[in-house]
Amino acid sequence: MILRDLLTLGQQKLKQADIDTAGRDARLLAAAAMDINTAQVTLKALDHVSKQQQDHFESMIEQRRSFKPVSRILGKRQFWNRWFEISPDVLDPRGDSEVLVNLALQQKADRILDLGTGSGILALTILSEWPDALAVGADICEKALLIAQRNAVQLEVSDRFQAQKSDWFEAIGGQFDLIVSNPPYIGEDEIPHLDPDVRLYDPMIALSPGRDALLAYQNIASDAIGYLKPGGRLLVEIGFRQGEAVRALFASNGLKSIEIIQDLNGLDRVVRAIKAKTV
């Protein structure tokens, strides 16, 4: 069998499973099976496919038919033009988080704290853009911290990144110019309504804090001022209906200049706040 025919077969199977991105996903999986980049799939369309490559491709197609995301199948996700390793122990990073990164990069910070770091996606992206900055990535999950450490090595920022096991601020010391977080914010009653690629494959601890969808923001808001330097910034990703509630939590805990930032679709995505220079 040649690659073109294998690709067509894969696309058909994904369409039959109602995968909206069948064409794109089949190309990505074909490239992985052939150990080439996606740009080469067309160039090598007439190349012969070995039995091993065919079996590998068909196995990945069957996983995708079960709504397993391509990133989960490949074990990596591209974010901010960089590749990050992911595992079942970390949230699969999505493009929505680029809104937060873009806001973070608008003002230089020397010391950064990423709460609930997971794969390290936020802290490590910022470190990659700021070669003199230092960051602490905190997470309660040791397996997630191992993934973050490996990503730090792959991105060549491991000498400036500290992976710290911590339940929010519990094991954190010192103060920071910038605190970022994409915490769990989906109430447990909403979980059954999530898309299967999220509901079935993202770790529940990274999706939901339980019955109270605002619990993580309460934990962050109650202690953030003590860990921010005067003038330091706090940026958190939110669910699109949570902006005003998170704004109120931050205000009640003494944070200032609170703003709700929207994403490209016009949905509330990030809440930004500042610790006053004189408290």
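The values are calculated or read from the model by the stated rules, or taken from the named source; none is laboratory data. Treat the numbers as computed from the prediction; the structure is a model and nothing was measured. Because the Cβ atoms are built from the backbone with ideal geometry, glycine has one as well, and the counts that use them run over all protein chains shown.
Just checking, which of E98, E62 is of a type in the set (D, E, K, R) and not assigned by TED's automatic domain parsing to the domain that holds L134?
Working: E98 fails: not assigned by TED's automatic domain parsing to the domain that holds L134.
Sole residue among the options that is of a type in the set (D, E, K, R) and not assigned by TED's automatic domain parsing to the domain that holds L134: E62.
Can you tell me which residues in region 242-274 are in a loop (DSSP other than H, G, I, E, B) and either of a type in the set (A, V, I, L, M) or outside the structural domain of Q175 (by TED's automatic domain parsing) (or both)?
Within region 242-274, L255, L264, L267 meet the criteria.
If I go through region 172-204 residue by residue, how many of them are surrounded by fewer than 16 Cβ atoms within 10 Å (Cβ to Cβ) and among the aliphatic types (A, V, I, L, M)?
4
Taking helices (runs of 4 or more DSSP H) that fall entirely within region 1-94, which contain at least 3 residues that are farther than 21 Å from V198 by Cβ, among the hydrophobic types (A, V, I, L, M, F, W, C) and modelled with pLDDT of 95 or more? Steps first, please.
Values: elements: 3-16, 22-34, 40-43, 51-65, 70-74.
Once the helices (runs of 4 or more DSSP H) in region 1-94 are filtered for at least 3 residues that are farther than 21 Å from V198 by Cβ, among the hydrophobic types (A, V, I, L, M, F, W, C) and modelled with pLDDT of 95 or more, what remains is 3-16, 22-34.
Given the structure, is D47 in contact with a Leu (Cβ under 9 Å, 6 or more places away or on another chain), of a type in the set (D, E, K, R) and surrounded by fewer than 19 Cβ atoms within 10 Å (Cβ to Cβ)? Outline the logic, then answer.
Numbers: in contact with a Leu (Cβ under 9 Å, 6 or more places away or on another chain): yes; of a type in the set (D, E, K, R): yes; surrounded by fewer than 19 Cβ atoms within 10 Å (Cβ to Cβ): yes.
Yes: the conditions hold for D47.
Restricting attention to region 96-126, report how many residues are under 25 Å from R72 (Cβ atoms) and modelled with pLDDT of 95 or more.
Of all residues in region 96-126, those under 25 Å from R72 (Cβ atoms) come to 96-101, 114-126.
From what is left, the residues that are modelled with pLDDT of 95 or more are 97-101, 114-126.
So the count comes out to 18.
Across region 210-236, what is the total count of residues that are surrounded by fewer than 20 Cβ atoms within 10 Å (Cβ to Cβ) and touching a helix residue (DSSP H, G or I) at 6+ places or on another chain (Cβ under 9 Å)?
4
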